[in-house]
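Reviewing the structure listed below.
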Amino acid sequence: MLKGFTRRRFATEIYHLPFMVDTIRKLDHVDPMIDPSSAFSKNFKSIKDREGWFRRLRGTLGAFIPWEVKKRKAGPL
């Protein structure tokens with residue numbers, strides 16, 4: 001459902017991964033063991049401490065993504 005939207009909205013190529021909803025529901029019983037120790041960093045500083053609220057909001061909206069420069073078709077989003 002998003003394929004047409006992403007084609008019109010974004011200048012870069014976005015690949016969509018197909019999946020089967022009924023298969024995902026059957027695999028719900030899988031409980032993988034994940035070791036979180038590799039994600040720990042002693043020098044970690046929260047993004048709330050590093051950046052202000054408005055900059056984080058702009059980042060959420062994609063302001064800092066280096067989009068490929070292409071002219072888009074004029075029209076509704």
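For segment 42-64: of the residues being closer than 23 Å to residue 10 by Cβ and surrounded by 10 or more Cβ atoms within 10 Å (Cβ to Cβ), which is nearest to the chain's Cα centre (by Cα)? It would help to see each step written out before you state the result.
Here is the first cut: in segment 42-64, the ones closer than 23 Å to residue 10 by Cβ are 55-64.
Now narrow it down to the ones that are surrounded by 10 or more Cβ atoms within 10 Å (Cβ to Cβ): 55-59.
On the way: 55: 17, 56: 15, 57: 14, 58: 14, 59: 11 Å.
Among residues in segment 42-64 that are closer than 23 Å to residue 10 by Cβ and surrounded by 10 or more Cβ atoms within 10 Å (Cβ to Cβ), the one nearest to the chain's Cα centre (by Cα) is 59.
Consider segment 27-54. How many of its residues are of a type in the set (S, T, N, Q) and in a loop (DSSP other than H, G, I, E, B)?
Total meeting the criteria: 3.
Taking segment 4-19 only, how many residues are outside any loop (DSSP other than H, G, I, E, B) and surrounded by 10 or more Cβ atoms within 10 Å (Cβ to Cβ)?
5
Where a number appears in this text, it was derived from the coordinates with a stated rule and is not lab data. Computed from a predicted model, the values in this text were never measured in an experiment. So basically every Cβ, Gly included, is an ideal-geometry build from the backbone, and we count neighbours across all protein chains shown.
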